[in-house]
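Visitor: Would you mind keeping the following structure in view while I ask a few things?
Since every read-out is calculated from the coordinates, none of them should be taken as a lab result. Computed from a prediction, not measured in an experiment: that's the story for all the values here. Here the Cβ is made from the backbone with ideal geometry for all residues, glycine too, and neighbour counts use every protein chain on show.
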Amino acid sequence: MNLFTETNLSPDILKAIGELGYESPTEIQKQTIPFILSDIRDLIALAQTGTGKTAAFSLPILDMIDDTSRKIQLLVLCPTRELCLQITKDIKNYSKYMKDIKTTAVYGGSSIMDQIRSLKDKPQIIVGTPGRVIDLINRKALDFSAIHWLVLDEADEMLSMGFKDELETILSETPETKQTFLFSATMSKEVERISKNYLTKPHRISVGSINEVKKNIKHEYYVIGYRQKKEALKRLIDSNPNQYSIIFCRTRMETQEVADFLMQNGYAADALHGDLSQAQRDTVMKKFRLKNIDILVATDVAARGLDVNSLTHVIHYSLPDDPEVFVHRSGRTGRAGKDGISIALIKPEESRKLKQIKSVTKIEMHEGKIPTGEDIIKAQVGGVFESLFEIHEDFFEFDDSLIPDLSAFTKEELAHKLLQFQLKDLALYYKDRHDLMDQKLSSRDDDGGSRRDRRDRDRDRGRDRDRDRGDRDRGGKPRRKNEDMVRFFFNLGKKDQLKKLDVLDIINKATSGKSKKRAEIGDIEILEKFSFFEVEKSFKDNVLSNIGSMKFKGKEMRAEVAN
Ligand code: AMP
């Protein structure tokens, strides 16, 4: 089956997808369409976002749905409001010529009364987020007794977002006779458990391997200390002109911080994360889709459901814990046959994480050097010409008589002047800037970070912090404080063979609760008899209450907030 016209899909569907420009089915569609049209078994499909999953399940279902019945026949559950709206929009597009088919989206963060009202239209298809679906079941606004098909989209994400109970309730509220299709990018233990309990002898299909790595993406990484990270990011953006990219951060706080930094530096950037209201998130996504901004700084969760196919770069400002998330993130570029670039900024202490990502994903990554001002200007000149050659039409009427006499200049001189004019600000910014030296991984993993890190610290604070647990250095200057972090005094030090990686491990253990959120860790300073470390404020109580009950090499541990 190489063309949609070779499937048995109805002419109404073929016409609609033809108008969307779909000619051949994607890999997952090739496998699911014939299966769903002819089989009554449940299905587990392993596929990443962007593989054409929505059409893969909805086209064959639309083909079979009974448009004379006004009962709900298809329920699609998905993790986020954005994805819910995206799927609804896609299904509405696919059923454009099926006049009697109605699809309704129900999701949290929006008026439940409005949604109850729209259910009065008697849609045959409901696309919803689990929490809101449960609310509507409880209000008796949804009747699932006639459901034929239940789709769990991005099941792994729904489970990792804590929707386990909701999913189980919905699965047990729907008729046994339904056919269940579970789509997931990863086959986690939880997904496996749900499928065991609620799916009957499912047929399994998989598109490529779970860790499928796109070959058309070039992977680069740059090793840089915490203090120079934002400047390094700026340089990497400046040396990749004309980019349309997503920068991934680990926490909401970091996302906002990076976005603020870029905006203050004049970039068309904005932040997307869960602390923003729904309306703010919608506005940011719209601006990004319309390319009013060309850099989006986002958390992994918030970026889901954002469907853009033309990203030139994905930047990992912070590495994710899970190598599969790294593959996911990177796979947001290099779509639709285009090439893509993935850039990772690695803190020296993340050498192990990087090694793990490389070994699990088998991605070939090249270490790059943070560009110098000169590299950046060269790249920008290339970018200006690239943009010039892309212009093939006139956007406004132009009277040649407005051009003054240029005969005194050669064309090279003119190009020079235009480039100077265009790149003046950037050139002035980099004129007297030092190069950012990248740091070798091997110089770390021992006691106090790379030599450069130590040098930075010494310069910043004075060497005799051993004796000074306060917030002032030897010169009496207030130490630079990160308002979002708490600094702890820790009773073990070099004499206890404590290494930085041990401290990372201890903090991670002390702060890993039920929530999947990991604590942001700042500076770690290991001194002779004791140490200091910084942890994200919201994890302060976890550190205080848990470290006291843990031991390191048989020694009691104690952490208290530093003065
Ligand atoms: P999805 O994985 O469902 O989010 O789809 C990813 C993107 O691919 C969406 O923009 C779809 O509109 C598009 N798409 C899905 N199937 C096809 C197809 N067979 N041909 C071209 N584009 C498609």
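Visitor: Which ³J(HN,Hα) values, rounded to whole Hz and listed in residue order, are derived for the stretch 376-392 from phi using the Karplus coefficients 6.51, -1.76 and 1.60 in 6.51 cos²θ - 1.76 cosθ + 1.60 with θ = phi - 60°, glycine and proline given as x?
Guide: So the J values, rounded to whole Hz, are 5, 4, 4, 4, 5, 4, x, x, 4, 5, 4, 5, 4, 6, 7, 7, 10.
Visitor: Rank-order 227-238, 542-553 by packing density, defined as the average count of other C-beta atoms within 10 Å over each peptide's residues, highest first.
Guide: Listed from highest to lowest mean packing, they are 227-238, 542-553.
Visitor: From the C-alpha coordinates alone, can you work out the Kirkwood hydrodynamic radius of the chain, in Å?
Guide: 26.8
Visitor: Another question about this same structure. Compute the length gained on full extension between GLU364 and THR5: take 0.36 nm times their separation in residues and subtract their Cα-Cα distance, giving the result in nm to one decimal.
Guide: 125.3 nm
Visitor: Taking square-rooted eigenvalues a ≥ b ≥ c of the alpha carbon gyration tensor, is the stretch 204-296 rounded, prolate or oblate, where a/c under 1.5 means rounded and, failing that, a/b exceeding b/c means prolate?
Guide: Judged from the Cα gyration tensor, the stretch 204-296 comes out oblate (a/c at least 1.5, b/c at or above a/b).
Visitor: Separate question: If each residue's Cβ is checked for other Cβ atoms within 10 Å, how do LEU501, LEU199 rank with the fewest at the top?
Guide: Lowest to highest Cβ neighbour count: LEU501, LEU199.
Visitor: Based on the alpha-carbon gyration tensor of the stretch 485-561 and its eigenvalue square roots a ≥ b ≥ c, which shape applies: rounded if a/c is under 1.5, prolate if not and a/b is larger than b/c, or oblate? Let's see the in-between values first.
Guide: On the way: a/c = 1.79, a/b = 1.46, b/c = 1.22.
Verdict is prolate for the stretch 485-561.
Visitor: Quick one: which of 274-280, 401-407, 68-74 comes out on top by average Cβ neighbours within 10 Å, and what's the full order, highest first?
Guide: Per-residue mean Cβ counts within 10 Å order the peptides as 68-74, 274-280, 401-407.
Visitor: Further question on the same structure: At 222 nm, what helix-only mean residue ellipticity would the chain give, in deg cm²/dmol to the nearest 500, using -39500 (n - 2.57) for each DSSP H run of four or more?
Guide: Rounded to the nearest 500, the figure is -11500 deg cm²/dmol.
Visitor: Just list whichever of LYS355/LYS495; LYS214/LYS378; LYS189/LYS555; LYS230/LYS537 have alpha carbons separated by over 31 Å in the model shown.
Guide: As for pairs spanning more than 31 Å Cα to Cα, those are LYS189/LYS555.
Visitor: Report the full-extension gain for the segment LYS120 to ASP260: residue separation times 0.36 nm, less the Cα-Cα distance, to one decimal in nm.
Guide: 46.0 nm
Visitor: Of the beta bridges DSSP finds with both residues in the chain, what % are antiparallel, to the nearest 5?
Guide: Around 25 percent antiparallel, to the nearest 5.
Visitor: Starting at the first residue of the stretch 181-193, write each ³J(HN,Hα) from the Karplus equation 6.51 cos²θ - 1.76 cosθ + 1.60 with θ = phi - 60°, in whole Hz, x for Gly and Pro.
Guide: 10, 10, 10, 8, 7, 10, 9, 6, 4, 5, 5, 4, 5
Visitor: Nearest 0.05, what FRET efficiency do SER188 and ARG352 give at R0 = 25 Å with Cβ-Cβ as r?
Guide: 0.65
Visitor: Here's something else I'd like to know. Amide H to amide H, which residues 5 or more places from MET485 or on other chains are under 5 Å from it, using H placed in the peptide plane?
Guide: It is LYS537, by chain and number.
Visitor: Can you grab the distance from the C-alpha centre of the stretch 369-425 to the C-alpha centre of the stretch 16-75, Å, no decimals?
Guide: Value for the Cα centre distance between the two parts: 49 Å.
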